[in-house]
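Student: Quick one: structure below, then a few questions.
The values are calculated or read from the model by the stated rules, or taken from the named source; none is laboratory data. The shown structure was predicted, so the numbers you read here are calculated from the model rather than taken from an experiment. Here the Cβ positions follow ideal geometry from the backbone for every residue, glycine too, while neighbour counts run over all protein chains shown.
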Amino acid sequence: MKEKLILIGASTGGPGHLKALLNTLPSSLTTPIIIAQHMNAVFIPSFVQQFRAELKIPVVRANEPLHVSQGGVYICEKNCLLAPSRPLKLCFEEAPEQTLYNPSIDDLFLSAVPLCEKVDILAILLTGIGHDGARGIQQLHAAGARCIGENEASAVVYGMPKRAKELVPELDMLPLEEIKQRIERFIHVLF
């Protein structure tokens with residue numbers, strides 16, 4: 001059985017949506033969740049502290065190379081890339097492309113594409129302005145990852161998910177509550 005990995009990208013409106021998605025996950029979670037939330041790096045430490053106080057699962061501030069070998073939430077402080085190592089490793093090398101976003105959702109998602117043959121990936125693109133993450137979702141979907149976009153009804157800003165839907169017309173677009181259910185099903189069984 002393949003190991004599992006959840007990738008989540010968010011921007012405007014993301015912090016509240018992330019808490020809503022993750023607040024009921026059990027402390028026994030064994031699936032790692034890596035989050036790229038657009039935010040100035042100065043604010044990431046307090047963001048991580050809030051998550052540590054409110055979630056039952058471990059929350060890690062990803063600001064230096066580290067192995068992603070156990071369950072918990074890894075919040076990227078800057079551009080995170082997944083290295084195809086065993087165990088999986090988050091690294092912070094020069095981003096493949098220059099980006100306006102911190103951290104870049106596309107960079108995280110695109111770095112996971114080569115892992116799709118050996119890792120079962122669920123990629124989720126939440127609310128946000130712009131297009132970051134859409135190209136990454138497109139490539140992950142083409143590589144066989146399970147991909148979801150937040151629908152217009154629950155997104156604070158429907159920019160990023162809308163662009164992903166334009167690139168991948170068959171992309172599942174779900175409200176926040178259904179995305180939460182998909183995460184829980186993915187963790188326990190494949191959907």
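Student: Which is closer than 23 Å to Val113 by Cα and in contact with a Ser or Thr (Cβ under 6 Å, 6 or more places away or on another chain), of Glu184, Glu150, Glu170, Glu166?
Tutor: The unique qualifying residue is Glu150.
Student: Select from region 145-191 the residues that are over 14 Å from Ile6 (Cα atoms) and either assigned to a loop (DSSP other than H, G, I, E, B) or of a type in the set (Val, Ile, Thr) (or both) and list them in ascending order.
Tutor: Hits for region 145-191 are Asn151, Glu152, Ala153, Ser154, Ala155, Val156, Val157, Val168, Pro169, Glu170, Leu171, Pro175.
Student: When region 116-131 is examined, which residues are found to be buried (at least 21 other Cβ atoms within 10 Å of the Cβ), under 19 Å from Gly144 (Cβ atoms) and more than 9 Å from the chain's Cα centre (by Cα)?
Tutor: Matches in region 116-131: Ile121 only.
Student: Identify the residue in region 81-105 that is under 12 Å from Gly9 (Cα atoms) and at pLDDT 85 or above and, among all such residues, is surrounded by the most Cβ atoms within 10 Å (Cβ to Cβ).
Tutor: Only one residue tops the list, namely Ile105.
Student: A further question follows. Condition first: under 29 Å from Phe92 (Cβ atoms), of a type outside the set (S, T, N, Q), in contact with an Asp or Glu (Cβ under 8 Å, 6 or more places away or on another chain) and buried (at least 21 other Cβ atoms within 10 Å of the Cβ). Can you find one or more residues in region 162-178 that meet it?
Tutor: The answer is no; no qualifying residue exists.
Student: Quick check on region 36-49: of everything there that is in contact (Cβ under 8 Å) with a residue 12 or more places away in the chain and assigned to a helix (DSSP H, G or I), which residue is farthest from Tyr74 (Cα to Cα)?
Tutor: Ala41
Student: Just name the residue that is nearest to Arg146 (Cα to Cα) out of those in region 1-23 that are of a type in the set (Val, Ile, Thr) and part of a strand (DSSP E or B).
Tutor: Ile6
Student: Now, a different point. If you scan region 132-183, which residues turn out to be in contact with a helix residue (DSSP H, G or I) (Cβ under 6 Å, 6 or more places away or on another chain) and among the polar types (S, T, N, Q)?
Tutor: Gln138, Gln139, Ser154 - these are the residues of region 132-183 that are in contact with a helix residue (DSSP H, G or I) (Cβ under 6 Å, 6 or more places away or on another chain) and among the polar types (S, T, N, Q).
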